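Each remark here refers to the structure printed beneath this line.
The values are calculated or read from the model by the stated rules, or taken from the named source; none is laboratory data. Here the structure is a predicted model, which means the values were calculated and not measured. Heads up, the Cβs are rebuilt from the backbone with ideal geometry, glycines too, and the neighbour counts pull from every protein chain shown. For accessibility, only protein heavy atoms count, side chains too; no ligands or nucleic acids. Shrake-Rupley method; radii C 1.70, N 1.55, O 1.52, S 1.80 Å.
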Amino acid sequence: MTQRLGSADSSRQLPSRAPDQEVSRLPGTRLDSRRQSELDRSSVNVLFLNGPNLNLLGTRQPEIYGRTTLADIERRVRAEAVQLEVEVEFRQTNHEGQMVEWLQDAKGKFDAIVLNAAAFTHTSVAVRDAIVAVGLPVIEVHLSNIHAREEFRRRSLIAGVCRGQISGFGATSYLLGLDAAISVKD
């Protein structure tokens, strides 16, 4: 079953914080401290896959995607992962075949995948089939609210085979995706 979270201003940037500063937990969306202590996070390994044109974040349509770069998002996710004691790996490709290979290779190496398939979301049966084949929980994330955009962007070919969908929270979508990936690892 696909879950959608509501939209927010996608141009908002996350506040910067020191690595040792406590991360606030949003009730119902972020892991509370009791749940965190129950998890053996040291064994959680999450793969973040990013599709076409996400290498242009920060300069490509900032009115939609904001000015935060993919490198900025990766830094924020890595800082959060350190706090949660989980391992993360980030990759980005503009090539559908590479995305499919990374999905296939994830089995046995990662516990969950956070996937911003970008344009492949709306076009790629191959990516959908690879998600099914790998058998890992996949969290679909998007910076913008795809359901409030052009008609062709409202249809996700991968939503039906992902554990859930987080859309419209800008860079925070990735942090929510990390929490979701940890929670579905069990």
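When only C-alpha pairs under 8 Å and at least 6 residues apart count, what is the relative contact order of region 64-163, in percent? Across region 64-163, relative contact order equals 27 percent. Computing FRET efficiency as 1/(1 + (r/R0)^6) for ASP105 and ILE64, where r is the C-beta to C-beta distance and R0 is 25 Å, gives about 0.20. Of the trypsin sites (Lys or Arg not before Pro) found in region 65-166, those that fall in a DSSP loop while having at most 16 other beta-carbon atoms within 10 Å are ARG67, LYS107, LYS109, ARG149, ARG154, ARG155.
Hey, can you find the accessible area per residue of region 48-122 for me, probe 1.4 Å, expressed in square angstrom?
Value for region 48-122: 45 Å² per residue.
For THR59, what is the net charge nearby, where nearby means another residue's Cβ is under 14 Å from its Cβ and Lys, Arg count +1, Asp, Glu -1? Write down the numbers at each step before the final one.
On the way: positive: ARG60, ARG67; negative: GLU63, ASP72.
Neighbourhood net charge equals 0.
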